[in-house]
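Asker: For reference, the structure I am asking about is given below.
The values are calculated or read from the model by the stated rules, or taken from the named source; none is laboratory data. Keep in mind that this is a model prediction, so the values were computed, not measured. Note that each Cβ is placed from the backbone with ideal geometry, even for glycine, and that neighbours are counted across all protein chains shown.
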Protein chains: 2
Amino acid sequence: MSRPLFLVDALPTEDTYTLDGPEGHHAAAVQRLRAGEELTLGDGRGGTATAVVIAAGRDSLTVSITGRAYARPPDPRLVVVQALAKGDRGELAVQAMTEVGVDEIVPWAAARCVVQWRGDRGERARHRWVATAREAAKQSRRPWLPALGPAGSTRQVVDRVGAAAAGLVLDPESATRISTVDLPTTGEIVLVVGPEGGIAPAELAAFEAAGARPVRLGDTVLRTSTAGVAALAVLAARIGRW
Amino acid sequence: MSRPLFLVDALPTEDTYTLDGPEGHHAAAVQRLRAGEELTLGDGRGGTATAVVIAAGRDSLTVSITGRAYARPPDPRLVVVQALAKGDRGELAVQAMTEVGVDEIVPWAAARCVVQWRGDRGERARHRWVATAREAAKQSRRPWLPALGPAGSTRQVVDRVGAAAAGLVLDPESATRISTVDLPTTGEIVLVVGPEGGIAPAELAAFEAAGARPVRLGDTVLRTSTAGVAALAVLAARIGRW
């Protein structure tokens, strides 16, 4: 398997670096990296540095930087508008979508969402999504962390879809297959994944008025936590990323 | 959303039918279907009957059959050899793969699996996979239940791969992309998804000797519970099923 990835605020500019804080603890005390082992430091914004451990402390590592690389921003960008989901379904969706390479997740407070993100509880729920995306990005060795903002209203996500190079709305009733719809070669592809109860007719109409196309994934009904990752996999293959 | 699906041992041949047992309980007491509502009965082997509720009891429904349909067996068939996974990762994989349309799941006791299915505990673990596939098939309104046998040894799954029209092994080190590999138009496509610790070199060599091709999914590292569903989505789109 490839070298483990640890996230840093900024890539080290010196040749020697001390990885401390929570990431240092994780590397030294949990993963128990030792002198001579290799790792990657990433800033989550495309920058990565390969490094080798010089000395391992209790909760930190001293490493020697052996190389630096800067990944180009992905283009087209894959953005998913993901309806809030109950239980751990939202986090499972964020985790799997991050692994398969989503570039941005826009949480969506859709009309039929059973949960809404309000007040402190909402803030905690959002932080769980952010933390999940961060862990999944590390686990999958991604040089880019997915962007993940606050929950948007239907009006806000409709505007976002309207401004994209392409908007796609997963809709089991659509006759258009996601494997055949035209895709742009640059800009943002925004995919809308509705809640368990489905996208309300007025919401679907608003997305269509903003230029989005309803598309379907096969003939079966997918849970919201499966639909996004399955659709992203098809899109990643179709735009040549996979 | 489409009509709820309930599984029966055999499609009713009469025009009136009583749905009882666990499925009747689920329909009458949990989903609370009432007279006039529509549902689907499925035998899990391609046969479905549409029906309308005539009378709802406490734990059963009397329904009138309004139509029957028999789906053709899917071809090519999508078979996944899924390494055993710890915690609920195996069940999550089975759930999501069933939703996206896997036709058969072969549990695989790979060398690097942290868990093995032995004795009563193993039998219980297998039953959880079977129950998960059944629930996911109902939830996603699939006319076919995925086949799901006992855990196979590496020798057994290598033989299975060797007999397939195409064998693909997910391997992050492969230079061949799953979106470009040649696929057959008929017969079985068997996809091998390794354990969290990766497929052992001797296992990979055995699959290759049996004619399988290593393929990769993008540049990131996917968990075993995400890899199968993402790969299946790409394959479903490529064989024209999606």
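Asker: Looking at (1) closer than 16 Å to B:Ala230 by Cβ; (2) within 14 Å of another protein chain (Cβ to nearest Cβ); (3) modelled with pLDDT of 95 or more, which is the one condition that is false for B:Glu196?
Answerer: Against the list (1) closer than 16 Å to B:Ala230 by Cβ; (2) within 14 Å of another protein chain (Cβ to nearest Cβ); (3) modelled with pLDDT of 95 or more, B:Glu196 comes up short only on (3).
Asker: Can you name every one of the strands (runs of 3 or more DSSP E) wholly within the range B:60-138 that holds 2 or more residues which are under 15 Å from the mean Cα position of the chain (by Cα) and surrounded by 24 or more Cβ atoms within 10 Å (Cβ to Cβ)?
Answerer: Numbers: elements: B:61-70, B:77-83, B:104-108.
Once the strands (runs of 3 or more DSSP E) in the range B:60-138 are filtered for at least 2 residues that are under 15 Å from the mean Cα position of the chain (by Cα) and surrounded by 24 or more Cβ atoms within 10 Å (Cβ to Cβ), what remains is B:77-83, B:104-108.
Asker: Tell me the residue from A:Ala209, A:Ala166 that is away from every other protein chain (no Cβ under 12 Å) and farther than 27 Å from B:Arg238 by Cβ, please.
Answerer: Checking each option against the conditions leaves just A:Ala209.
Asker: Right, B:Thr226: at the interface with chain A (Cβ under 8 Å from one of its Cβ atoms) and not in a strand (DSSP E or B) or not?
Answerer: Values: at the interface with chain A (Cβ under 8 Å from one of its Cβ atoms): yes; not in a strand (DSSP E or B): yes.
Considered against the rule, which asks whether it is at the interface with chain A (Cβ under 8 Å from one of its Cβ atoms) and not in a strand (DSSP E or B), B:Thr226 comes out as yes.
Asker: In the list A:Val100, A:Val81, A:Val115, which residue meets the criterion of being on the phi < 0 side of the Ramachandran plot, in contact with a strand residue (DSSP E or B) (Cβ under 6 Å, 6 or more places away or on another chain) and assigned by TED's automatic domain parsing to the domain that holds A:Leu222?
Answerer: Answer to the selection: A:Val81.
Asker: For the range A:180-198, indicate whether the set of residues that are of a type in the set (Gly, Ala, Ser), assigned by TED's automatic domain parsing to the domain that holds A:Ala85, touching a Leu at 6+ places or on another chain (Cβ under 8 Å) and surrounded by fewer than 22 Cβ atoms within 10 Å (Cβ to Cβ) is non-empty.
Answerer: No, there is no match, as no residue in the range A:180-198 is of a type in the set (Gly, Ala, Ser), assigned by TED's automatic domain parsing to the domain that holds A:Ala85, touching a Leu at 6+ places or on another chain (Cβ under 8 Å) and surrounded by fewer than 22 Cβ atoms within 10 Å (Cβ to Cβ).
Asker: Scan the range B:206-223 residue by residue and report those that are in a loop (DSSP other than H, G, I, E, B) and either under 13 Å from B:Asp171 (Cβ atoms) or free of Cβ contacts under 8 Å to residues at least 24 places away in the same chain (or both). Explain how you work it out, then say what you get.
Answerer: So the first thing to find is which residues in the range B:206-223 are in a loop (DSSP other than H, G, I, E, B), and the list is B:210-212, B:217-223.
If the condition is that a residue be in a loop (DSSP other than H, G, I, E, B) and either under 13 Å from B:Asp171 (Cβ atoms) or free of Cβ contacts under 8 Å to residues at least 24 places away in the same chain (or both), then B:Ala212, B:Leu217, B:Gly218, B:Asp219, B:Thr220, B:Val221, B:Leu222 are the ones that fit.
Asker: Could you check the range A:169-185 and list, in sequence order, the residues that are within 12 Å of chain B (Cβ to nearest Cβ) and free of Cβ contacts under 8 Å to residues at least 24 places away in the same chain?
Answerer: Within the range A:169-185, A:Thr180 is the sole residue that qualifies.
Asker: Next question, about the same structure. Any chance the range B:47-69 includes a residue that's closer than 26 Å to B:Pro107 by Cβ and touching a helix residue (DSSP H, G or I) at 6+ places or on another chain (Cβ under 9 Å)? Let's see the steps before the verdict.
Answerer: We begin by selecting, within the range B:47-69, every residue closer than 26 Å to B:Pro107 by Cβ; these are none.
Checking the range B:47-69: not a single residue is closer than 26 Å to B:Pro107 by Cβ and touching a helix residue (DSSP H, G or I) at 6+ places or on another chain (Cβ under 9 Å).
Asker: Here are some conditions: (1) surrounded by 15 or more Cβ atoms within 10 Å (Cβ to Cβ); (2) at the interface with chain A (Cβ under 8 Å from one of its Cβ atoms). B:Ile239 meets all but one. Which one does it not meet?
Answerer: (2)
Per-residue answers, yes or no, for (1) of a type outside the set (Lys, Arg); (2) under 16 Å from A:Ala230 (Cβ atoms); (3) in contact (Cβ under 8 Å) with a residue 60 or more places away in the chain:
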{"residue": "B:Arg68", "(1), (2), (3)": "no, no, no"}
{"residue": "B:Asp75", "(1), (2), (3)": "yes, no, yes"}
{"residue": "B:Val79", "(1), (2), (3)": "yes, no, yes"}
{"residue": "B:Val94", "(1), (2), (3)": "yes, yes, no"}
{"residue": "B:Val102", "(1), (2), (3)": "yes, yes, yes"}
{"residue": "B:Glu123", "(1), (2), (3)": "yes, no, no"}
{"residue": "B:Arg126", "(1), (2), (3)": "no, no, no"}
{"residue": "B:Trp129", "(1), (2), (3)": "yes, no, no"}
